[in-house]
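The values are calculated or read from the model by the stated rules, or taken from the named source; none is laboratory data. Owing to the predicted nature of the structure, the values given are computational and were not obtained by experimental measurement. Methodologically, a virtual Cβ is constructed for each residue, glycine included, from the backbone with ideal geometry; neighbour enumeration extends over all protein chains shown. The area values use the complete protein model at the heavy-atom level, side chains included, leaving out ligands, DNA and RNA. Shrake-Rupley method; radii C 1.70, N 1.55, O 1.52, S 1.80 Å.
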Amino acid sequence: MLQFILNNQHIITELAAGSTVLDFVRYHKMLKGTKIGCREGDCGACTLLVGDFEKDQLVYRSVTSCLMPLGNAQGKHIVSVEGINMEALSPVQQALVETNGTQCGFCTLGFVMSFTGFVLTSKQHTYEQAIAAVDGNICRCTGYKSIERSAKIICDQLSAKPVTQTMPWLVENKFLPPYFASIEARLRTLRNNLVAGPSTNGLAPKMPLGGGTDLIVQKPLVVKRSPVELLLDASHLKTIAIIDNECHIGASVTVTEFVESPIIQQALPEVNKFIKLVSSTPIRNMATLAGNIINASPIGDMSIFFLALDASLVLRDAGNARTVKLKEFYKGYKQLDKQTTEQIETIIFQMPAAGVAFNFEKVCKRMYLDIASVNSACSISLTNNRVSTIHLSAGGVAPFPKYLFNTCAYLQGKEITTNVLKHAIEIMNDEIAPISDVRGTEAYKRFLLRQLLLAHLQQCTPAPNAIKQVLFA
C-alpha cells in the first residue's frame, strides 16, 4: 500500500512499487501534461517535481518520472504540471509564452517543471543556474534561444525572493498555487501515519531497487512485475561521514546528495565542475552511487570517479560484511566479486591529503546529458617533482570500468618528462582493449584516452613543457 500526495490529492494505491510514476500519472490519473518521450531519462518530457524532507526541510527536486519507481513516491509530494496550474499562467509559464519558447509544445511541460524546480530552490537564482536547471530537457524544435530568454525573465522576477520563508512569497506572487502552503504539514502527518510493510519472512527474495535510473531502462517489465526492496530512502544507507580520516558514503546516497555534501566539497573542491559532465540534474537527483557501481557499465561515470579515489566497498549479506577494493571488484563484462545475496552497503575512500590533486574528464558526442565515448579520472601527488601517489581509471576502453594498474605502477616515482609520458602511453595502450562501436572506433578511443591522460597531468602537475612536446610530437 503506497501513500503520497499527487498535486493536491492524497493518493492511496496498491499498484506495483516497481511500476513508474509516469505511467501512474498519465494512465491511472489521466494527467496528460506529463509526456512520454524516450523512456530512458534522456529527453525530460516527463519531468515532475518531488517534494521530500532533507535535514527536516521540505525540498523539491526535478526527476524524470519515466524512471522513477512508484514505490519511491511513498510519503512524498509529487507535482505534475497540472499541480502548478492556476487561473492565470504562472510567471514561469508566462515567460515561456512571451519569448515564444513553446515551439511545438511537446517538451514545454518538462521545461516548465524544471524551471519551477529552479524557482523553488533555496540557492541563488542566477541566469547560469537557471540554464543548469534545464540541462535534462531537450527541445526537438531546437528553440533554445527563446527558452534561454525566458530563463532571464524568470531570474529577474526572482530578484526580490527572500532567503527564508520562501514558500509564502512564491504563493503570494503566484509562482505556485495556494495549496502548496499546506503541503509540509500534510506530508508530516502522512509520514507519521505510514504503516510498515508486511514481513518478508518465507517470501521470495526481492529485487533491490534504488533510484531506478538503470534497472528501469534495462528491464522495465521485470522491475514492474517483481517484488522489490526499495532502498532509495533507507536511512542507514543515506549518510556521508568522516571516520578515521576516511569518507564513508551510504549506498543510497544520490549523485546530487554526494556533490552537495560539505564533506565532499572539502575533499574534492572542484567536484561541481566535474559533476556537470555526469548525466543531468533530474537523473543526478535520482541515481544512487552504489547503483552506478553495481551496474558495472564500462562507461559508468561514478565508478570511474571512485576508482581514481582508490575506493573500497563494504558488501553485506544479512549479518555478514566484507570489504573489497573497487579496483578488484570488476572481473569481466558484468562480472563482479559479489555473491547474489550481497549488497553494497558503504563506499569508502581516504580523504585526500594536502597536495593530492584530482581530475575527471569525459568525451562524448555532446557535452552534457550524454554517455561517454571515453571517460577518465586521476588522483596524483608529487614529492620533489616525482610522482609519489597516482590512481588512474578509464571507461570505454575495456569490458568494465578499468583501473590502469600497469600505467600507475610505471609512473610511480617518476618525474613527468617527455620520455616518461611517451612510455606511459605505450604501457596504457597495452593494458586497454577498446572496441569499435557507435561511440567511436578503437583507434579513436585510444587517442581519446591518450589525450585525457595528458589533460589530467596538465591539470594536476607542473609539467607543461613535457605535455606540449608529447601533444605536438
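Which loop chymotrypsin sites (Phe, Trp or Tyr not before Pro) in the range 356-439, with loop taken from DSSP, have no more than 16 other Cβ atoms within 10 angstrom of their Cβ?
Tyr368
Set Lys and Arg Cβ to +1 and Asp and Glu Cβ to -1, take the dipole of the range 1-150 about its Cα centre, and tell me which of Thr116, Cys141, Pro69 lies farthest positive.
Value computed over the given set: Cys141.
Chymotrypsin sites (Phe, Trp or Tyr not before Pro) within the range 287-340: which are DSSP loop residues with at most 13 other Cβ atoms inside 10 Å? Present the calculation step by step, with values, prior to reporting the outcome.
Values: sites: Phe305, Phe306, Phe329, Tyr330, Tyr333; in loops: Phe329, Tyr333.
Qualifying residues, ordered by number: Tyr333.
Determine the distance separating the Cα centre of the range 425-451 from the Cα centre of the range 273-327; give it in Å without decimals.
After rounding, the separation between the Cα centres reads 23 Å.
Find the accessible area per residue for the chain; the probe is 1.4 Å, ligands and nucleic acids are left out, and the unit is Å². Present the calculation step by step, with values, prior to reporting the outcome.
Values: 21340 Å² over 473 residues.
About 45 Å² of surface per residue is accessible.
If I stretch the segment between Glu148 and Gln451 completely, what's the gain in nm (0.36 nm per residue apart, minus their alpha carbon distance), one decimal? Write down the numbers at each step before the final one.
Numbers: separation 303, 0.36 × 303 = 109.08 nm, distance 3.28 nm.
Taking Glu148 through Gln451 to full extension adds about 105.8 nm, to one decimal.
Calculated FRET efficiency, Lys325 and Gln129, Cβ-Cβ r, R0 30 Å, to nearest 0.05? Before the final figure, lay out each step's value.
Values: r = 37 Å, r/R0 = 1.25.
Working from the Cβ atoms, E equals 0.20.
Which links in Lys32/Lys224; Lys327/Lys402; Lys362/Lys445; Lys325/Lys402; Lys76/Lys276; Lys402/Lys445 stretch past 18 Å when you go from one Cα to the other? Before the final figure, lay out the partial values.
Values: Lys32/Lys224 21 Å; Lys327/Lys402 8 Å; Lys362/Lys445 12 Å; Lys325/Lys402 13 Å; Lys76/Lys276 27 Å; Lys402/Lys445 14 Å.
Violating the 18 Å Cα-Cα cut-off are Lys32/Lys224; Lys76/Lys276.
Let's test the formula: R0 of 60 Å, r as the Cβ-Cβ distance of Val59 and Glu442. What FRET efficiency results, to the nearest 0.05? Walk me through the numbers before you get to the answer.
Values: r = 45 Å, r/R0 = 0.74.
Given R0 = 60 Å and the Cβ-Cβ separation, E is 0.85.
In the chain, what % of DSSP beta bridges are antiparallel (nearest 5)? Show your work: numbers first, answer last.
Details: 60 of 65 bridges.
Beta bridges within the chain, antiparallel portion: roughly 90 percent.
Along the range 293-310, what does the Karplus equation 6.51 cos²θ - 1.76 cosθ + 1.60 (θ = phi - 60°) give for ³J(HN,Hα), rounded to whole Hz, x for Gly and Pro?
Couplings: 6, 5, 4, 6, 4, x, 10, x, 5, 6, 5, 4, 4, 6, 4, 6, 8, 6 Hz.
Select from Leu382, Gly211, Phe400 the residue farthest towards the positive end of the dipole of the chain; place +1 on Cβ of Lys and Arg, -1 on Cβ of Asp and Glu, and compute about the Cα centre.
Sorting the options by dipole projection puts first Phe400.
Could you give the size of the charge dipole of the range 327-471 about its Cα centre, using +1 on the Cβ of each K and R and -1 on the Cβ of each D and E, expressed in debye and rounded to the nearest 20?
On the way: 16 positive and 12 negative charges, 75 e Å.
Rounded to the nearest 20 debye, it is 360 debye.
Taking the Cα centre of the range 1-88 as origin, sum charge times position over the Cβ atoms of Lys and Arg (+1) and Asp and Glu (-1), and report the length of that vector in debye to the nearest 20.
Values: 8 positive and 9 negative charges, 30 e Å.
My answer is approximately 140 debye.
Sequence-distant or interchain residues sharing an amide H contact under 5 Å with Val374, placed H: which?
Val363
If you line up the long axis of helix 183-193 against the longest principal axis of the chain, both from Cα atoms, how many degrees apart are they, to the nearest 10?
So the inclination is approximately 80 degrees.
For the range 1-140, compute the orientation-averaged projected area of the C-alpha convex hull (one quarter of its surface), in nm². Please report the intermediate quantities before stating the final value.
Details: hull surface 34.9 nm².
Value for the range 1-140: 8.7 nm².
Have a look at Ser312, Ala463, Gln335 and report the one farthest towards the positive end of the charge dipole of the range 307-463, computed about the Cα centre with Cβ charges (Lys/Arg +1, Asp/Glu -1).
Comparing the listed Cα positions along the dipole, Ala463 ranks first.
Any chance you could run the full-extension gain for Gln94 through Asp156? It's 0.36 nm times the residue separation minus the Cα-Cα distance, nm to one decimal. Walk me through the intermediate numbers first.
Numbers: separation 62, 0.36 × 62 = 22.32 nm, distance 1.34 nm.
This chain segment gains 21.0 nm when fully extended.
With +1 on each Lys and Arg Cβ and -1 on each Asp and Glu Cβ, and nothing else charged, work out how big the dipole of the chain is about its Cα centre, in Debye to the nearest 20. Don't jump to the answer; show the numbers that get you there.
Numbers: 45 positive and 39 negative charges, 141 e Å.
The dipole of the chain has a size of about 680 debye.
When the Karplus curve 6.51 cos²θ - 1.76 cosθ + 1.60 is applied with θ = phi - 60°, which whole-Hz ³J(HN,Hα) does each residue of the range 367-378 get, with x for Gly and Pro?
5, 10, 6, 8, 8, 5, 6, 9, 10, 7, 9, 8
What is the distance in Å between the Cα centroid of the range 84-98 and that of the range 210-242?
Between the Cα centre of the range 84-98 and that of the range 210-242, the gap is 35 Å.
Rounded, prolate or oblate: which one fits the range 327-452, using the alpha carbon gyration tensor with axes a ≥ b ≥ c (rounded when a/c is under 1.5, else prolate when a/b beats b/c, else oblate)?
Details: a/c = 1.67, a/b = 1.14, b/c = 1.46.
Oblate, since a/c reaches 1.5 and b/c is not below a/b.
Within the range 263-278, find all residues whose amide N lies under 20 Å from a label point positioned 7 Å from the Cα of Ile242 along Cα-to-beta-carbon.
Residues passing the 20 Å test: 263-272.
Pairs of alpha-carbon atoms within less than 8 angstrom and 6+ residues apart define the contacts here; what relative contact order does the range 403-473 have, in percent?
On the way: 41 pairs, mean separation 25.4, N = 71.
RCO, the range 403-473: 36 percent.
Report, to the nearest whole %, how much of the accessible area of the range 352-413 belongs to carbon and sulfur atoms, 1.4 Å probe, protein only.
On the way: 1320 of 2420 Å².
Here it works out to 54 percent.
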